[in-house]
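Worksheet: the structure to be examined is printed underneath.
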Amino acid sequence: MSALDLVGISHHFGKTAVLDTVSLRFDSGSAVAVIGPSGCGKSTLLRLVAGLLSPDRGTVTADGAPVTGPGPERGVVFQQNALFPWLTLAQNIRFGLDEQSMARAEADRRVDQWIQAVGLETFADQRPGALSGGMAQRAALARALAPEPGALLLDEPFGALDRITRGQMQELLVSVWHRTRATLLLITHDVEEALVICDRVVVLSPRPGRVLADLPVDLPRPRTLSDRTSRRFVELRRRLETVLHDAMSEPP
C-alpha cells in the first residue's frame, strides 16, 4: 500500500492552466474518487501521480519519495485498455513482470493468479481482438495488478462499457481492492460509480481545477445494487450533483 501526496500542484498545457494549487492526500489503502466537469484536470491529476507528467509547481510523492516517472508500485488502467494486440492475454499480463526481470516461476504464478481473479481462464491464449470490451478491461486490470502495486490509478476505466458490464466491473474492482488493499485513485464522471466504489469523493472545479469539496462516503460495505436507492446514498448523490451544478453555473 502506498500513501500519495500532492502539495500545491499547478499544471499548464501551453498557456492554458489546467490545475491550480491542488493539495490532496490519499492515505495508504484508501479508495478515493475524483470527479468534476469535463476539462477540469482530473486525468491530468492522475497522470501526475502516475509519473507520466511533471507538475509546473508543487510536489507529488508516494510514501514520501518524489514521483519522477512511472513505476511498478503505481499500476494504471485507462479508459482504453491499451493491450498489445500482437500478444495473447497471458502475455499482456506478463509483460510488466518480464520488464522487471522477475523469476519465471513467480511470473507464471502471478499471471495464473490474476487471470483467474478476473475470470478469464479460458481466454489466456486469445489475443485482444477476440475479447469483448469488458473482457479487455478485465485483462487490463489484471495486467496493472500483476506487479502487486501499492497504488492502483484508474482513469475512467469503465466509461466505454454498457451499463450492465460497467456494474459487473465495478463489483470486480471492489472485490480486487478488498483483496489487495492497494491505494485506489479513481477518476470518473459518474457520481454513482464514485459512491459505489470509494469511501471518499473529491470534487474539482471547472478549469483550472481546484478542490471544491472533499466528502467522506459513510455507507456500509458491501454496497449492493439495492443500496443505490437507500436514503443515505440518494442524499450523498444529490449533494455531489449540487456541488457540480453550482460550480458549472458560476461565471468563469
Testing the spin-label approximation: label points 7 Å from Cα along Cα→Cβ at Arg181 and Thr21. State their distance in nm. 3.7
With label points set 7 Å from each Cα along the Cα-to-Cβ direction at Asp199 and Phe95, the distance between them in nm comes to 3.3
Sparse-neighbourhood loop sites, chymotrypsin sites (Phe, Trp or Tyr not before Pro) in segment 30-115 - DSSP loop, at most 16 other Cβ within 10 angstrom: Trp86
Mind checking the full-extension length gain between Arg127 and Asp214? Use 0.36 nm per residue of separation minus the Cα-Cα distance, one decimal, nm. 27.2 nm
Protection proxy ranking of 200-209, 41-50 - average other beta-carbon atoms within 10 Å, highest first: 41-50, 200-209
Where does the chain land on the Kirkwood hydrodynamic radius, alpha-carbon pairs, in angstrom? 18.7
Output the DSSP H helices from the chain with an along-axis C-alpha extent of no less than 15 Å and a mean Kyte-Doolittle hydropathy no less than 0.0. 133-145
When the Cα atoms of segment 54-153 are enclosed in a convex hull and the volume is divided per residue, what value in Å³ results? 112
Out of the DSSP beta bridges found with both residues in the chain, what percent are antiparallel (nearest 5)? 50
Contact order normalised by residue count of the chain, Cα under 8 Å, 6+ apart, percent: 27
Rg/Rh for segment 87-138 to two decimals, with Rh computed the Kirkwood way over all alpha-carbon pairs. 0.97
Could you work out the relative contact order of segment 82-148, using alpha carbon pairs under 8 angstrom and six or more residues apart, expressed as a whole percent? 52
Round to a whole angstrom and tell me the spacing of the C-alpha centers of segment 15-65 and segment 223-252. 22
Under a plain spin-label model, where a point goes 7 Å from the Cα along Cα-to-Cβ, how far apart in nm are Arg104 and Gln116? 2.1
Within the chain, helix-based [θ] at 222 nm, where runs of 4 or more DSSP H residues each add -39,500 (n - 2.57), nearest 500: -11500 deg cm²/dmol
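None of the figures in this text is laboratory data; all of them are computed from the coordinates on show. Not measured: the values here are computed from a predicted model. FYI the Cβ positions are ideal-geometry reconstructions off the backbone, even for glycines, and counts take in every protein chain you see.
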